[in-house]
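Okay, so here's the structure we're looking at.
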Amino acid sequence: MNDKAGVFTISLDTELAWGMFDKSNIDKYKHAYRNTPEVINRLCELFDEYEIPATWAVVSHLLEDCDGDHSDRTSPDFEWVNDWFGELPCSGGMDKDLWYAPWLIDRIQDCKTEQEVGLHGSTHMQLGADGCSRQHAEEEIGAAVETLRGYGVKPKSFVFPRNDIGHVDMLREHGIEVYRGTDARWYERASIPGSVQPPLRFADEAIRGTPPVVEPVERDGVVEIPGTQVFRPSNGGWQYTPGGSSVARAKKGLEHAARTGGVFHLWFHPFNLGHEPERDLERLERVLSVVREFVADGALECRSLKDMASGR
Ligand SMILES: [Zn+2]
Ligand SMILES: [Zn+2]
C-alpha cells in the first residue's frame, strides 16, 4: 500500500436536453429526462449516505426561465447546426420540463455532505470545436458564471461539453480553477477517429479493463483532472456490454487508486441513469460501498474537483 491515500472523485454532467438538442432527436431520451429529477434526488441521498462530495457540472441555462430570445448573442459557426441560438431548447417550443430545472441548485445544496456546484457551460456550447471563436467562448462562460452568481455560487470547476477542450485561458479569467480532462484511455485522444472510439470503449467495458489512475496537472493556469471511467449508461450502445461491468471496473479502479495513491475519477450524466433508474442506482451504490470500505481503511479520500485543485 502506498503511503499516500488515493483519491476518489465524481463529476456529473448535469444537462437534461441541453446535451443533445443540436445532435439528435431528443424524443428517444425523453423518458430518461423525465426520470432525471428523481435520479438527482436519489443521487443526493446516496451521496449523503456514503459521504461523497460530488462535483455537479451544470448547464446554467437549466436555471433560467427564458422566452427563447437570444438576439443579443451571436451563434458560433458550427458545421452541424445552422443557428445555435435559434435552435436552443428554449427557442423551439420544447416542453419546459426537459430544459428548465429551477429547483436544481437548492436540491444539491440541501445535501448534508457538501456538494460542489460547477459548470458545464451556459448552453452546452462545444468550446473546442471549429467555429467557436474567442468571443463566443467569452460570452458562453461569462453568461454561465453570472447565472450561478445569482445563486450565490462562484464556480471553480468546469466540464467541457463533449469533453471538447478549448479556450482554457478564458476559464481562468472567469475564476475557474479546474476542469475535467479527456479520459486517460489512449483511444480517447484526438488522434483516434471519432468513429472508432465507441467500439473501443465498448470492448474495454466488455473485458472489464482496469481503469487507469491519473494525477492533476496544470495547463494554461488551470488544473486538469482527466476522467478515468464513465459509469456505464444503459443506452447509446452500452446496453450491449455486460451489465455488471461498470461495477467490476470501478472496483478495479478504486483498488488501483488505493494502491498507487492516484486519482480515480468516475463520471456520468444523471440522465444516463434515467433509463433504468432502480437497476443503475443499485449498481452505483455497490461502487460507493466499496469506496466507503477503502475510506474506512484510510486508503482513499473522497474529494470534489475544486478541493483537489486547491489542495495541491
Ligand atoms: Zn434561452
Ligand atoms: Zn454534456
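Sorting 97-105, 61-69 by average packing, meaning the other beta carbons within 10 Å per residue, from highest down gives 97-105, 61-69. In a reduced charge model with +1 at each Lys and Arg Cβ and -1 at each Asp and Glu Cβ, the chain shows a dipole moment near 1180 debye about its Cα centre. Under the simplified labelling scheme, the THR210-ASP3 pair shows an inter-label distance of 2.3 nm, with each label point 7 Å from Cα along Cα→Cβ. Fewest neighbouring Cβ atoms within 10 Å first, the residues ASP169, ASP72, ASP280 line up as ASP72, ASP169, ASP280. Per-residue 3J(HN,Hα) values for region 282-299, derived from phi via the Karplus relation 6.51 cos²θ - 1.76 cosθ + 1.60 with θ = phi - 60°, read 5, 5, 4, 4, 4, 5, 5, 6, 5, 4, 4, 5, 5, 5, 4, 7, x, 8 Hz in sequence order (x marks Gly and Pro).
For region 6-310, the Kirkwood estimate of the hydrodynamic radius, built from every pair of different alpha carbons, is 19.5 Å.
By the Cβ distance rule (another cysteine Cβ under 4.7 Å), the unpaired cysteines of the chain are CYS44, CYS111, CYS132, CYS302.
A dipole drawn for the chain from +1 and -1 charges on Cβ atoms has a positive end, and of SER11, TRP99, VAL81 the residue lying farthest that way is SER11.
Counting only residues 5 or more places away or on other chains, whose amide H sits under 5 Å from the amide H of GLY166 once H atoms are built in the peptide plane? Result for GLY166 returns GLY128.
Across the options THR113, HIS167, ALA129, the greatest Cα extent toward the positive end of the charge dipole of region 6-310 (unit charges at beta carbon of Lys, Arg, Asp, Glu) belongs to THR113. Amide H to amide H distances under 5 Å link HIS269 with ASP13, where only residues 5 or more positions off or on other chains count and H is placed in the peptide plane. Between helix 30-49 and the chain, what is the angle of the helix's C-alpha long axis to the longest principal axis, kept within 0 to 90° and rounded to the nearest 10? Its long axis makes an angle of about 40 degrees. Here the sum of -39500 (n - 2.57) over DSSP H runs of 4 or more residues, divided by the residues of the chain, equals -10000 deg cm²/dmol at 222 nm, to the nearest 500. Shown in residue order for region 170-179 are the 3J(HN,Hα) couplings computed by the Karplus curve 6.51 cos²θ - 1.76 cosθ + 1.60 at θ = phi - 60°: 5, 4, 4, 4, 9, x, 7, 10, 8, 9 Hz (x for Gly and Pro). Each residue of region 263-272 was assigned a 3J(HN,Hα) from its phi angle through the Karplus curve 6.51 cos²θ - 1.76 cosθ + 1.60 (θ = phi - 60°); the sequence is 9, 10, 10, 8, 8, 5, 9, x, 5, 4 Hz, with glycine and proline shown as x.
Shown for the chain: lysine pairs separated by 8 or more places, or found on different chains, whose C-alpha atoms are under 20 Å apart, numbering 10.
Using C-alpha pairs under 8 Å with a sequence gap of at least 6, the mean separation divided by the residue count of the chain gives a relative contact order of 28 percent.
Per residue, the convex hull spanned by the Cα atoms of region 1-138 amounts to 154 cubic angstrom. Here region 243-283 is assigned +1 on the Cβ of each Lys and Arg and -1 on the Cβ of each Asp and Glu. Its dipole about the Cα centre then comes out at about 260 debye. Once the Cα atoms are used to define both axes, helix 245-260 deviates from the longest principal axis of the chain by about 70 degrees. Between the helical axis of 134-149 and the longest alpha-carbon principal axis of the chain there is an angle of about 70 degrees. The DSSP beta bridges internal to region 6-310 are antiparallel in roughly 15% of cases. May I ask you to derive the FRET efficiency for GLU282 and ASN25 from their Cβ-Cβ distance with R0 = 25 Å, giving the value to the nearest 0.05? Efficiency computed from Cβ-Cβ geometry: 0.25.
Bear in mind that the values in this text are calculations on the coordinates, not laboratory data. The structure presented is a predicted model; accordingly, all values stated were derived computationally and were not measured. Note: ideal-geometry Cβ built from the backbone for every residue, glycine included; neighbour counts use all protein chains shown.
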